[in-house]
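The structure that follows is given in the form of structure tokens.
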Amino acid sequence: MSAQAPGGEMVLRVENLVLEYPLPRQSLFAPAPRHRALDGVSLQVARGESLAVVGESGSGKSSLARAVLALEQPGAGRVELMGQDVFALSPGALRGLRRHAQMVFQDPYGSLDPRRKVGWIVAEPLDALESGVGAAARQARIAEVLVSVGLKARDAEKFPHEFSGGQRQRIAIARALITHPALIIADEPVSALDVSVQAQVLNLFMDLRERLGLSYLFISHDLAVVRHVADRVAVMRHGQIVEEGAVEQVFREPQHPYTRKLLAAVPRVGHPRQAVAGATTAP
Amino acid sequence: MLSEARAVSLREFWLRGRGQANLMIGLAVTLLLIAVAVLSLVWTPYPINAIDIPAKLQPPSAAHWLGTDQFGRDVLSRIMAGARNSIAVSLVAVGIGAGLGVPLGALAAARRGWVEEVVMRFNDFTFAFPALLSAVMITSLFGPGAINAIIAIGIFNIPVFARLTRGAALSLWQRDFVLAARVAGRGRTRITLDHILPNIASLLIVQMTIQFALAILAEAGLSYLGLGTQPPDPSWGKMLNEAQTLMFLAPQLAIFPGLAIMATVLGLNLLGDGLRDLLDPRLRRLR
Amino acid sequence: MTLLSLQDLSVVLDTPEGPATVLDRVSFDLAAGESLGIVGESGCGKSMTALAVMGLLPDAARCTGRIDFEGRDLLALDEQALCALRGRCIAMVFQEPMTALNPVKSIGYQVAEGLRWHLGLGRGEAAARAVKLLDRVGLPQPRFSPDLYPHQLSGGQRQRVVIAMALACDPALLIADEPTTALDVTSQAEILALIAEVTAASGMALMLITHDLAVVWQNTAAMLVMYAGAVAERGTTAEVFARMAHPYTRGLLAASPGALGDILPAGRRLATIPGQVPDPQDRPTGCVFAARCARAAADCLPRPPAERVLAPGHAVACLHPHEEETVL
């Protein structure tokens, strides 16, 4: 179903991307200082591949997601989706390209319009990006994606507040899938979820990838999560990628000191414990 | 599908709202006002402008419940007809304010940049004049009359709605579901119509009731100054104006229109407060 | 010596959908200077337990049972007595450091506030102590002036300020409610280490609330696993991890990506616990976990399982606990 990527197997190619935000002026006469959120970022995602971008808050990883989807205008650099430079396209052509790249957000409560029914929310990209879909075909597509993320077709008639956090994130994933995109950009998609639900949603991401041949740009601060869903990982810090490689390699032999620091900080069962106070507490 | 959602929310509205004294009193007063205004179209105790000099300046009695004015006209009939006038003026004035202010505010929030600057500077400019003063200015430029009063009051309502809409819309534009709509390829206009406006509707409704009360006051004020409704059409403000010179002779002429204005404004404000409590999800949870 | 003791604490909240049992006969003891981790998912009652101990439950909450702190029943105390206790004897570190701090007051002022209020120190003396406390939590002068405001600090630094405020009156019990959930992973490790260090150094008891089993493993001596308002499993951290008798405890660990630190082979899935935590308005009469439990049998449904002791310092509320040891 997915469109072929013209010009090679790269679904996404980012070259030397620079993105700056103006900060509040310090003085009336000085130019406003700028914060460089992305400082020359380059990366590629091949068809069917899952690339994770990890970093702490302020590392620029969310800015990267926005720039890739042309929601922000970068100061320099290129973003190629399906081989086409997104910032060189006309608005109409860019809209045509959006079909191939959709996004899943962090907060399952904030990313669904509380005043719209699930069916409307899920069909929004379809209505906006594909013209000439008949009413019956539209209903069928809504039912199809809802079922594919583990919900029921009749859930389309409900409102978001009738669902739990994990189910809402499934709705958000269904919305991202409805145009049959080649690339899903997921910005911290499980960090707001409870542990057991997190595992369900992560498994869903893995299932969908196998079934639909999706590519992921998976943005997270959680290395443990990244380890499960990514083939390759890029470690970001201060707007730059400090280390990139296959997941196994980066986790086993981290090269950059910052990567090592990140990995060491993850709490793990079985690791040496802190000096803990007290010995026993009787049940 | 839409009606189904509406029916649920109306029922919910009633279930949650009936416990609130503010809301219920405000609603009752407002409905009474509307009922009186509608009734005055088909029936008043006396014809509104029927002059009956022998019966002038009568105190309240069984024949004239609220007495008569200096021309012998029935005060109750004129207050009833004045309600119609007040509602018409405020409805149109708030309509102008919201009709222009909401799109301007939504546009400013959606476009940002120089569009926002222009809209907001226009707002500041309008805000810089005291509302009543600018109304006086407009009516003195174009001549007194109900239509000009409506326009004047409407214009000073524009920045109120523009500012409110922009503020609320700006925070919505930061929300993820709006970002999701942009990822879905929605244009700014469609996002404004589909996501922004439905989510600030409750806020606007509350503001409308408050502006409605202010418009009634402003119309009364302008008419009192002789810049609003022209005789012989009845208006609460006009009635107060005419009662001024007869204050000691026939205080009821000032008291009853004054009470009508007070009750209406109070009722609408209570309704606005009640609606705000009812529609604000954060306050709802605290209850 | 037992510092804090909960006996059959139940909390019922009246909601528009009916009464909700948010805590169901929770009992535990915490001795002075010891540490207790409370693990569970959202809605399992761990934050409610903390609020109950602080006397900060919503007005609509109905409590039964006892909360004894230093021999006094907290549920019987009036608001004034509780105010004297909060901050002075029991301090709390919250999840979101930005909202726990007042954005328009300097950090020095906020740390000194508790000293002046509870200990009656003068302005100068309190300010001097505040500087020492900030230094103690890793915000030394002159780099971190007490005149800084919360927005000038990073998330981890703000949480250090909150910890300094909690330490100010040298309380006997520190409650940390998800203290690192809002922080980056590197800050998380530093803040947890700081909490462990300051509580150990001053003999403070610690109640650490978290959703992360690995955080409990690394930081507390004893632990409670809570599910749907009730205690599922309890014991010393070492015992509980060695056995993981309750199916929910095992499920939670298996579902945690990377808690064990190994890499899943390509294509393998994380273990999941099907379904979700039942709403507190309609909890089943029997075992609350039965609907999601692979080991559930007919005898789980009529009544909630009584707690049984498996070993000294280890008990589980389950009729069919796992018998075999875990591979930790």
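The values are calculated or read from the model by the stated rules, or taken from the named source; none is laboratory data. All of these numbers come straight from a predicted model, not from anything done at the bench. Neighbour counts are summed over all protein chains in view; Cβ atoms, including those assigned to glycine, are modelled from backbone coordinates with ideal geometry.
Assess whether residue C:189 counts as being free of Cβ contacts under 8 Å to residues at least 12 places away in the same chain and facing chain A (nearest Cβ under 9 Å).
Here the answer is yes, as residue C:189 does meet what is asked.
Kindly indicate which of B:147, B:151, B:216, B:138 is away from chain A (no Cβ under 14 Å), surrounded by fewer than 23 Cβ atoms within 10 Å (Cβ to Cβ), on the phi < 0 side of the Ramachandran plot and within 15 Å of the chain's Cα centre (by Cα). Lay out the reasoning, then the answer.
Values: B:147 fails: within 15 Å of the chain's Cα centre (by Cα); B:216 fails: surrounded by fewer than 23 Cβ atoms within 10 Å (Cβ to Cβ); B:138 fails: within 15 Å of the chain's Cα centre (by Cα).
Just a single option satisfies the conditions, and that option is B:151.
Could you check the stretch B:51-78 and list, in sequence order, the residues that are part of a helix (DSSP H, G or I), surrounded by 23 or more Cβ atoms within 10 Å (Cβ to Cβ) and not basic (Lys, Arg)?
B:75, B:77
Sticking with this one: Would you call residue A:18 surrounded by 14 or more Cβ atoms within 10 Å (Cβ to Cβ) and in contact with a helix residue (DSSP H, G or I) (Cβ under 6 Å, 6 or more places away or on another chain)?
The answer is no for residue A:18.
Another question, then. Just wondering, is there one or more residues in the stretch A:179-192 that are within 14 Å of chain C (Cβ to nearest Cβ), in a strand (DSSP E or B) and at pLDDT 90 or above?
no
Conditions tested, residue by residue: (1) in the same structural domain as residue A:12 (by TED's automatic domain parsing); (2) outside any helix (DSSP H, G or I); (3) surrounded by 21 or more Cβ atoms within 10 Å (Cβ to Cβ).
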residue	(1), (2), (3)
A:142	no, no, yes
A:146	no, no, yes
A:197	yes, no, yes
A:201	yes, no, yes
A:206	yes, no, no
A:209	yes, no, no
A:216	yes, yes, yes
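Another one. Of the numbered conditions (1) hydrophobic (A, V, I, L, M, F, W, C); (2) over 29 Å from residue A:79 (Cα atoms); (3) assigned to a helix (DSSP H, G or I), residue A:151 satisfies every one except a single condition; which is it?
The failed condition is (3).
Give the stretch C:13-39 a look and list any residue that's more than 9 Å from chain A (Cβ to nearest Cβ) and either of a type in the set (Asp, Glu) or free of Cβ contacts under 8 Å to residues at least 12 places away in the same chain (or both), or say none.
Within the stretch C:13-39, C:14, C:16, C:17, C:24 qualify.
Step by step: first the residues of the stretch C:156-179, then only those that are buried (at least 24 other Cβ atoms within 10 Å of the Cβ) and small (Gly, Ala, Ser), then the one that is farthest from residue C:69 (Cα to Cα). Which residue is that?
In this case the residue turns out to be C:164.
Taking interchain pairs and intrachain pairs at least six residues apart, which have beta carbon atoms under 6 angstrom, with the first residue in the stretch A:105-124 and facing another protein chain (nearest Cβ under 7 Å) and under 22 Å from residue A:143 (Cβ atoms) and the second of a type in the set (A, V, I, L, M, F, W, C) and assigned to a loop (DSSP other than H, G, I, E, B)?
Every condition considered, the pairs that remain are A:111/A:105; A:124/B:184.
Looking only at residues that are over 18 Å from the mean Cα position of the chain (by Cα) and assigned to a loop (DSSP other than H, G, I, E, B) in the stretch C:156-186, which one is nearest to the other protein chains (Cβ to nearest Cβ)?
Filtering first and then ranking leaves C:184.
Any residue that is surrounded by fewer than 22 Cβ atoms within 10 Å (Cβ to Cβ), modelled with pLDDT of 85 or more and of a type in the set (Lys, Arg) - is there at least one of those in the stretch B:169-177?
Yes: one or more hits.
Filter the stretch C:285-317 down to the residues that are more than 25 Å from the chain's Cα centre (by Cα) and of a type outside the set (A, V, I, L, M, F, W, C), then identify the one that is farthest from the other protein chains (Cβ to nearest Cβ).
C:302
Inspect all residues belonging to the stretch B:234-245 and state whether any of them is surrounded by fewer than 19 Cβ atoms within 10 Å (Cβ to Cβ), modelled with pLDDT of 85 or more and either of a type outside the set (A, V, I, L, M) or touching a strand residue (DSSP E or B) at 6+ places or on another chain (Cβ under 6 Å) (or both).
No, there is no match, as no residue in the stretch B:234-245 is surrounded by fewer than 19 Cβ atoms within 10 Å (Cβ to Cβ), modelled with pLDDT of 85 or more and either of a type outside the set (A, V, I, L, M) or touching a strand residue (DSSP E or B) at 6+ places or on another chain (Cβ under 6 Å) (or both).
Same structure, new question: What's the total number of residues in the stretch A:194-207 that are within 9 Å of chain C (Cβ to nearest Cβ) and out of contact with any Lys or Arg (no Cβ under 7 Å at 6 or more places or on another chain)? Walk me through it before giving the result.
Restricting attention to the stretch A:194-207, the residues satisfying the condition of being within 9 Å of chain C (Cβ to nearest Cβ) are A:194-200, A:202-203, A:206-207.
Then drop every residue that is not out of contact with any Lys or Arg (no Cβ under 7 Å at 6 or more places or on another chain), which leaves A:194-200, A:202, A:207.
Count: 9.
Follow-up. Go through the stretch C:40-65 and report how many residues are within 14 Å of chain A (Cβ to nearest Cβ) and in a loop (DSSP other than H, G, I, E, B).
Residues in the stretch C:40-65 being within 14 Å of chain A (Cβ to nearest Cβ) and in a loop (DSSP other than H, G, I, E, B): 6 in total.
Tally the residues that are more than 11 Å from chain C (Cβ to nearest Cβ) and more than 25 Å from residue A:18 (Cα to Cα), restricting the search to the stretch A:208-248.
5
When only residues in the stretch C:203-258 that are closer than 18 Å to residue C:295 by Cα, part of a helix (DSSP H, G or I) and hydroxyl-bearing (Ser, Thr, Tyr) count, which is farthest from the other protein chains (Cβ to nearest Cβ)?
So, considering only residues that are closer than 18 Å to residue C:295 by Cα, part of a helix (DSSP H, G or I) and hydroxyl-bearing (Ser, Thr, Tyr), the one farthest from the other protein chains (Cβ to nearest Cβ) is C:249.
Would you mind stating whether residue A:12 is more than 19 Å from residue A:180 (Cα to Cα) and either part of a strand (DSSP E or B) or not assigned by TED's automatic domain parsing to the domain that holds residue A:216 (or both)? Don't jump to the end; show me each part of the working.
Values: more than 19 Å from residue A:180 (Cα to Cα): no; either part of a strand (DSSP E or B) or not assigned by TED's automatic domain parsing to the domain that holds residue A:216 (or both): yes.
No; evaluated as a whole, the condition is false for this residue.
Are there helices (runs of 4 or more DSSP H) fully within the stretch B:162-276 with at least 1 residues that are in contact with a Phe, Trp or Tyr (Cβ under 6 Å, 6 or more places away or on another chain) and more than 22 Å from residue B:30 (Cα to Cα)? List them.
Where helices (runs of 4 or more DSSP H) fall fully within the stretch B:162-276 and carry at least 1 residues being in contact with a Phe, Trp or Tyr (Cβ under 6 Å, 6 or more places away or on another chain) and more than 22 Å from residue B:30 (Cα to Cα), they are B:176-183, B:236-243.
Same structure again: Under the condition of being touching a residue at least 40 places away in the same chain (Cβ under 8 Å) and in a helix (DSSP H, G or I), which residue from the stretch A:218-266 is surrounded by the fewest Cβ atoms within 10 Å (Cβ to Cβ)?
A:263
Of the residues B:106, B:83, which is at pLDDT 85 or above, touching a Leu at 6+ places or on another chain (Cβ under 6 Å), over 26 Å from residue B:248 (Cβ atoms) and among the aliphatic types (A, V, I, L, M)?
Every option except B:83 fails the conditions.
Name the residue, out of C:68, C:73, that is charged (D, E, K, R) and either crowded, with 18+ Cβ neighbours inside 10 Å or in contact with a Ser or Thr (Cβ under 8 Å, 6 or more places away or on another chain) (or both).
Among C:68, C:73, only C:68 is charged (D, E, K, R) and either crowded, with 18+ Cβ neighbours inside 10 Å or in contact with a Ser or Thr (Cβ under 8 Å, 6 or more places away or on another chain) (or both).
Hey, residue A:53 hits all of (1) more than 14 Å from chain C (Cβ to nearest Cβ); (2) modelled with pLDDT under 90 but one; which does it fall short on?
(2)
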